[in-house]
Number of protein chains: 2
Amino acid sequence: MNQSETALGQVLTTVDVVVLTLVDGVLSVVLVQRERAPFAGVWALPGGYIHAQEDADAYASAARVLRSKAGIEDAYLEQLATFTGPARDPRGWSVAISYCALIPQQKLPTHRPGLKLVPVTATGQLPFDHAQILQAAVARVRSKSQYSSLPVHFFGESFTLPQLQQVYESILGEPLNKVSFRRKMDELGMLEPVPGEMQAGGAHRPAQLHRVRPEFKQQLALSARGL
Amino acid sequence: MNQSETALGQVLTTVDVVVLTLVDGVLSVVLVQRERAPFAGVWALPGGYIHAQEDADAYASAARVLRSKAGIEDAYLEQLATFTGPARDPRGWSVAISYCALIPQQKLPTHRPGLKLVPVTATGQLPFDHAQILQAAVARVRSKSQYSSLPVHFFGESFTLPQLQQVYESILGEPLNKVSFRRKMDELGMLEPVPGEMQAGGAHRPAQLHRVRPEFKQQLALSARGL
DNA sequence: TTAATAGTGTCTCTCAGACACTATTGG
DNA sequence: CCAATAGTGTCTGAGAGACACTATTAA
């Protein structure tokens with residue numbers, strides 16, 4: 001091993017985060033306005049350099065980027081994929097470790113300048129290869145929604161089963177059978193009713209509030225192939 | 001943007017490849033003996049620095065590492081996950097983009113010094129976080145084998161359905177129903193019979209050889225969540 | 001009482017697995 | 001013919017979806 005050999009491994013190393021949430025049942029992504037070159041002023045996925053001095057790993061980098069560039073705390077975060085090459089960033093050969101974040105809309109900062117929420121199908125042009133990263137994130141969420149309770153992360157502490165079903169239908173883009181849906185959720189065994197109830201709309205029977213069982217809260221992050 | 005900001009993104013950037021194959025029905029991994037520090041002489045996953053000057057992307061880096069460190073060409077390669085942090089490599093904060101390769105045993109170089117094939121359950125101690133990377137690769141192959149034809153990459157050009165079923169059973173660790181298995185393979189529509197046949201064992205009816213339909217050969221790499 | 005949605009019991013149809021049968025080879 | 005494995009037709013039980021019914025609220 002020598003200096004020049006060591007230098008071979010030195011490329012730009014960044015994280016990019018696809019923050020997804022539901023706005024009136026529409027899957028939407030958080031974009032931030034870039035403060036610096038390249039693409040200063042352009043709307044893009046929140047991203048930034050890895051800070052080797054302060055980050056425990058790339059997951060921590062992603063969490064820090066979310067906090068500092070978008071004011072988002074406590075999102076569910078999962079590694080997505082890593083995008084690389086000489087062309088994706090004009091500064092040179094780069095590595096972008098991408099993360100996917102799911103968060104309820106209420107947890108997003110309201111009216112933060114330089115932050116906006118747009119439907120994933122209406123982002124317009126995105127810089128770098130962010131369109132590709134976004135596409136991968138949406139595909140991943142759709143895919144995992146078919147066999148896991150991933151979408152519960154779009155909610156806060158509690159939610160009703162009809163609400164949850166609407167979210168699944170919105171993500172998968174097809175209506176679901178009520179009986180089958182509830183049977184599946186029951187089999188997964190991840191949810192439990194909370195004593196309180198829900199009224200909201202009003203002129204009908206209120207729905208039972210549910211929450212994720214504590215023992216499953218972290219397991220969700222580890223399950224399947226998200227790392 | 002300034003120089004010190006740029007330097008923040010500069011960490012060690014490597015690729016590690018988990019090469020899996022089947023040896024008499026046992027899922028096994030390729031280890032190579034490290035030539036340099038750290039861990040010189042120790043058996044480890046083939047890995048190396050990204051060479052920004054020559055690699056088109058990290059996938060190309062992985063293919064080059066496979067060729068130069070293990071003499072392996074033409075393996076099926078799929079990005080696995082990226083492992084990061086200050087502790088995994090004694091040289092400092094590092095990023096390891098890991099890839100999973102599936103290859104038939106016949107395509108491996110025979111008797112190459114500094115290369116060995118061991119069952120994934122009997123690797124002994126591995127340097128860096130290679131044990132964790134291996135574990136992720138095995139979990140991924142098991143998981144994808146449940147709903148895709150991924151295991152066809154353990155074969156060369158053609159194979160029989162009984163052979164393929166044995167491989168699935170070996171990977172999943174459970175016997176499969178013959179009728180259901182063949183029905184599933186038929187539904188996936190990825191295989192086609194080749195005019196030739198197979199006799200081998202001999203004293204029984206020969207099995208029809210099959211191959212992957214050309215139009216699915218590359219699609220396999222793109223399907224699902226492998227990037 | 002009515003309208004509206006929550007939640008459940010049950011029937012049916014589909015599909016995966018079990019079983020048994022036929023097919024084809026070597027000896 | 002026999003042994004051994006390849007390959008297929010069919011039955012059955014479990015599970016998903018369709019439907020209809022009950023439950024509970026506001027107006």
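The values are calculated or read from the model by the stated rules, or taken from the named source; none is laboratory data. Please read these numbers as outputs of a predicted model, since none were measured by experiment. FYI the Cβ positions are ideal-geometry reconstructions off the backbone, even for glycines, and counts take in every protein chain you see. All accessible areas refer to the heavy atoms of the entire protein, side chains included, with ligands and DNA or RNA removed. Shrake-Rupley method; radii C 1.70, N 1.55, O 1.52, S 1.80 Å.
Points worth noting:
- Any hit, the range B:123-131, residues being under 18 Å from B:GLN105 (Cβ atoms) and modelled with pLDDT of 95 or more: yes
- Test: residue in the range A:200-214 that is assigned to a helix (DSSP H, G or I) and at pLDDT 95 or above: no
- Test: residue in the range A:74-82 that is out of contact with any Leu (no Cβ under 8 Å at 6 or more places or on another chain), without any contact (Cβ under 8 Å) to a residue 60 or more places away in the chain and open to solvent by 30 Å² or more (accessible area, probe 1.4 Å): yes
- Sole exception among (1) among the aliphatic types (A, V, I, L, M); (2) in contact (Cβ under 8 Å) with a residue 40 or more places away in the chain; (3) within 28 Å of B:LEU77 (Cβ to Cβ) for B:ALA207, by number: (3)
- Residue in the range A:23-40 that is surrounded by 19 or more Cβ atoms within 10 Å (Cβ to Cβ) and at the interface with another protein chain (Cβ under 8 Å from one of its Cβ atoms) present: no
- Filtered residues of the range A:157-169 (kept if open to solvent by less than 50 Å² (accessible area, probe 1.4 Å), more than 16 Å from DNA strand D (Cβ to nearest atom) and in a helix (DSSP H, G or I)): A:VAL167
- In the range B:186-200, the residue that is farthest from B:PHE154 (Cα to Cα) out of those that are more than 8 Å from DNA strand C (Cβ to nearest atom) and either within 14 Å of chain A (Cβ to nearest Cβ) or open to solvent by 70 Å² or more (accessible area, probe 1.4 Å) (or both) is B:PRO195.
- One residue from A:GLN79, A:GLN106 being facing another protein chain (nearest Cβ under 8 Å) and closer than 30 Å to A:PRO162 by Cα: A:GLN79
- The condition (being more than 14 Å from every other protein chain (Cβ to nearest Cβ), more than 16 Å from DNA strand C (Cβ to nearest atom), over 29 Å from B:PRO46 (Cα atoms) and surrounded by fewer than 19 Cβ atoms within 10 Å (Cβ to Cβ)) is satisfied by just one residue among B:ARG213, B:ARG205: B:ARG213.
- Filtered residues of the range A:139-153 (kept if open to solvent by less than 30 Å² (accessible area, probe 1.4 Å) and polar (S, T, N, Q)): A:SER143, A:SER145, A:SER148, A:SER149
- Filter result (open to solvent by less than 10 Å² (accessible area, probe 1.4 Å) and either within 9 Å of chain B (Cβ to nearest Cβ) or farther than 23 Å from A:TRP43 by Cβ (or both)) within the range A:84-96: A:GLY85, A:SER94, A:VAL95
- B:ARG142 among the basic types (Lys, Arg) and either within 14 Å of chain A (Cβ to nearest Cβ) or touching a residue at least 60 places away in the same chain (Cβ under 8 Å) (or both): yes
- Hey, B:TYR59 in contact with a helix residue (DSSP H, G or I) (Cβ under 6 Å, 6 or more places away or on another chain), under 22 Å from B:ALA136 (Cα atoms) and surrounded by fewer than 22 Cβ atoms within 10 Å (Cβ to Cβ) or not: no
For (1) out of contact with any strand residue (DSSP E or B) (no Cβ under 7 Å at 6 or more places or on another chain); (2) within 21 Å of B:VAL26 (Cα to Cα), each residue gets a yes or a no:
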site: B:LYS144; (1), (2): yes, yes
site: B:SER149; (1), (2): yes, yes
site: B:THR160; (1), (2): no, yes
site: B:GLU169; (1), (2): yes, yes
site: B:LEU176; (1), (2): yes, yes
site: B:GLU187; (1), (2): yes, no
site: B:GLY202; (1), (2): yes, no
site: B:ARG205; (1), (2): yes, no
site: B:GLN208; (1), (2): no, no
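- Residue match in the range A:48-67 (condition: touching a strand residue (DSSP E or B) at 6+ places or on another chain (Cβ under 6 Å), in contact (Cβ under 8 Å) with a residue 60 or more places away in the chain, within 14 Å of chain B (Cβ to nearest Cβ) and not charged (D, E, K, R)): no
Listed here are the residues, each with its yes/no results for (1) basic (Lys, Arg); (2) more than 16 Å from DNA strand D (Cβ to nearest atom); (3) in the same structural domain as B:MET198 (by TED's automatic domain parsing); (4) surrounded by fewer than 20 Cβ atoms within 10 Å (Cβ to Cβ).
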residue	(1), (2), (3), (4)
B:ARG67	yes, yes, no, yes
B:ARG112	yes, yes, no, yes
B:LEU117	no, yes, no, yes
B:PHE128	no, yes, no, no
B:ALA137	no, yes, no, no
B:PHE155	no, no, yes, no
B:ILE171	no, yes, yes, no
